[in-house]
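So the structure is just underneath, and the comments pick up after that.
Readers should treat all values here as calculations from the given coordinates under stated rules, not as data from a laboratory. All of these numbers come straight from a predicted model, not from anything done at the bench.
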Amino acid sequence: MSDSTSQPSQVFPAAARWRLLATVLVALQALVLVGLAVAWLVGLVRGTATYPAAVVGLAVVALVAAWVLALAARAIHRAASWPRAPVITFQLLLGVMGAEWVRGEALAVGVAAVVVALVITVALLVPGVLAPRRLPGRDEA
């Protein structure tokens, strides 16, 4: 039995692999969002954007989401407790988008999005991948 100060990787040795997988996939999602933002802005500069204001808005949202995902990937790597909620929320949104892409004409992209969203969600729910949440102001003796 371990005491309450043990690291999650010491209590759950298999969790380290899940943590690494989640870290890499979330970091890749952040990079994809940056790439999309750059592609949209390049289209804006070239004059091929049909709705320039919408393109700027999408690019800003994508860059903010990429920043949050990059911070979350770093926190997952450190086994912090906070990234579970925002990352799983993003995965739910990605899963819905992926399902719509499957219904449309982007089958491969949709399947990849759904699979990645499921893998990250499962990885973050495996015990020991992230530190357990503690209620604020609660001291344990």
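A few points about this structure:
- Considering helices alone, the calculated mean residue ellipticity of the chain at 222 nm is -24500 deg cm²/dmol, with DSSP H runs of length four and up weighted by -39500 (n - 2.57) and normalised per residue.
- Relative contact order %, region 77-141, counting alpha carbon pairs below 8 Å whose residues are six or more apart: 38
- Principal-axis analysis of the Cα atoms of the chain puts helix 84-103 at an angle of about 40° to the longest axis.
- Theoretical gain in end-to-end length, Val61 to Arg46 [0.36 nm per residue, Cα-Cα removed]: 3.3 nm
- The slack between Ala85 and Leu20, meaning 0.36 nm per residue of separation minus the straight C-alpha distance, is 21.6 nm.
- Rel. contact order, % - alpha carbon contacts under 8 angstrom, at least six apart, the chain: 32
- Calculated on alpha-carbon atoms, Rg and Dmax of region 26-75 in Å: 11.7, 39
- Taking the chain as a Gaussian network of alpha-carbon nodes connected by springs under 10 Å, the highest mean-square fluctuation of the residues Thr48, Thr121, Thr23 belongs to Thr48.
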